[in-house]
Amino acid sequence: MSNDTTTADSNAVPTNEPPRERLLHEIVSRVAEANDCGVFDLRPVSEVVDPEALEALLIASNTTMTVTFAYEGGLVRVSEAGVEFEFELD
């Protein structure tokens, strides 16, 4: 598996967005960059994971955890350290 944890300035997440929106923006930005496409070329994250549940687990929780889910040909890992995307092996 190749790991893409890019942090290019073009992926900068606006700090004035609500936490859930910042998290979703970071997810689609990382995945779009790894797939060499635009964020609007991706299917909505909400088709594969509940954004409210993701926020509750990662943002509103006082626990340390990582959530992993399949999305757009790879695996997204979200934790307090950030968002990572890995392509799945065929």
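Quick note: the coordinates plus some simple rules give every number you see, no bench work behind them. The structure presented is a predicted model; accordingly, all values stated were derived computationally and were not measured. FYI the Cβ positions are ideal-geometry reconstructions off the backbone, even for glycines, and counts take in every protein chain you see.
Here is how the numbers come out for the structure above:
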{"read-out": "Contacts under 8 angstrom Cβ, first residue in region 43-65 being surrounded by fewer than 10 Cβ atoms within 10 Å (Cβ to Cβ), partner of a type outside the set (Lys, Arg) and assigned to a loop (DSSP other than H, G, I, E, B), 6 or more apart", "value": "Thr64/Glu80"}
{"read-out": "Count - residues of region 66-90 that are loosely packed, with under 15 Cβ neighbours inside 10 Å, free of Cβ contacts under 8 Å to residues at least 60 places away in the same chain and over 21 Å from Pro19 (Cα atoms)", "value": "3"}
{"read-out": "Of all residues making up region 31-90, the number that are acidic (Asp, Glu) and either in contact with a Leu (Cβ under 8 Å, 6 or more places away or on another chain) or part of a loop (DSSP other than H, G, I, E, B) (or both)", "value": "8"}
{"read-out": "Ser29 vs. criteria without any contact (Cβ under 8 Å) to a residue 60 or more places away in the chain, surrounded by 15 or more Cβ atoms within 10 Å (Cβ to Cβ) and among the small types (Gly, Ala, Ser)", "value": "yes"}
